[in-house]
Amino acid sequence: SDPDAEFPAASTLLVALGLAHFTLLGLGTWAVGGPSGLSAIERVLVAMSSGLIFGQISHPVAHELIHKPSRMLRLMGRWMYTTLLVGHHASAHLLVHHVHVGSSGDPNSAPRGESFYRFAARVGRQSFLAGLRAETRRRQRASNPGLHPYVTYVGGALATLVAAFLIAGPTGLAALLAMAIYAQLQILMADYVQHYGLRRRELPNGKLEPVGP
């Protein structure tokens, strides 16, 4: 069903939460790594709570945005992932995961017997490369491909790190990295739990069976 039909203000809420994400990311970086006057334990608690917000709220919001038909909404979702230093997830999710979910072709579909820790250790690199290959193939077929999305992902991640340094110096940089990694682990945990051990049968024509419930 169409979420906008069920909840007409859905896109407005997503944009509001997206804007809140960028605001909280800057505030969290300053509070944890900057001259906020917080004690060490308070900084740890703020970092953990901020990371939870980014993993449990920002991630679902960005996920919804990258599926929207509006180019601007999709761009906001991509930038949300990029500021969490995992911009490639936008491409890998749409071009790799949607196509190959439940098969060995999808790095984010953990095979039966693989622990979460082994999954988390490998999937970042594999998902990055799989998304890169998929985006490159799509650009080769396009008449006017424009800027490669991975330039935005990598450049935006570097810009985010520079911004964190400018906000609070080396400790601000460390704070952003800690919060982003914590959020990334939650994103990976969602994929791990939702797709662990699921495998689609290969049909006689060589294609995978359709995705079902």
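The values are calculated or read from the model by the stated rules, or taken from the named source; none is laboratory data. Every value quoted in this text rests on a predicted model; they were computed, and no experiment measured them. Heads up, the Cβs are rebuilt from the backbone with ideal geometry, glycines too, and the neighbour counts pull from every protein chain shown. We work out accessible area using only protein heavy atoms, side chains counted, and drop any ligands, DNA or RNA first. Shrake-Rupley method; radii C 1.70, N 1.55, O 1.52, S 1.80 Å.
Measuring between their Cα centroids, the range 1-80 and the range 152-213 lie 14 Å from each other.
Seen from GLY131, the other residues with C-beta closer than 14 Å to its C-beta sum to a net charge of +3, counting Lys and Arg as +1 and Asp and Glu as -1.
Once you list every other residue whose beta carbon is under 14 Å from the beta carbon of THR152, what net charge do they have if Lys and Arg are +1 and Asp and Glu are -1? Let's see the in-between values first.
Details: positive: ARG71, ARG74, ARG78, ARG139; negative: GLU135.
Overall, the nearby charge balance is +3.
Contour minus end-to-end for VAL151 and PHE22, with contour as 0.36 nm per residue of separation and end-to-end as the Cα-Cα distance?
Working: separation 129, 0.36 × 129 = 46.44 nm, distance 2.01 nm.
Length difference between fully extended and current span is 44.4 nm.
Taken over the range 1-142, the percentage of Cα pairs per 5 Å bin, counting from 0 up to the bin with the maximum distance, is 2, 9, 15, 17, 17, 15, 13, 8, 3, 1, 0.
Which FRET efficiency, nearest 0.05, do GLN186 and SER143 yield, Cβ-Cβ r, R0 41 Å? Don't jump to the answer; show the numbers that get you there.
Values: r = 39 Å, r/R0 = 0.94.
The value I calculate is 0.60.
Surface analysis of the range 17-104 yields an accessible area of 45 Å² per residue, using protein heavy atoms and a 1.4 Å probe.
Loop-located chymotrypsin sites (Phe, Trp or Tyr not before Pro) in the range 111-213 (DSSP state not H, G, I, E or B) with no more than 16 neighbouring Cβ atoms inside 10 Å: TYR196.
Within the shell defined by Cβ-Cβ distances under 14 Å, the residues around SER91 carry a net charge of +4, with Lys and Arg each +1 and Asp and Glu each -1. Here is the P(r) of the range 58-207: all C-alpha pair distances, binned every 5 Å from 0, give 2, 9, 16, 21, 20, 15, 10, 5, 2, 1, 0, 0 in whole percents.
Annotation: amide H of LEU208 within the under-5 Å range of LEU203, sequence separation 5 or more or interchain, hydrogens built in the peptide plane.
Pick out, in residue order, every one of the trypsin sites (Lys or Arg not before Pro) in the range 41-139 that is DSSP loop and has at most 16 other C-beta atoms within 10 Å; say none if there are none. Don't skip to the answer; put the middle values down first.
On the way: sites: ARG43, ARG71, ARG74, ARG78, ARG112, ARG118, ARG122, ARG125, ARG133, ARG137, ARG138, ARG139; in loops: ARG112.
Answer by residue number: ARG112.
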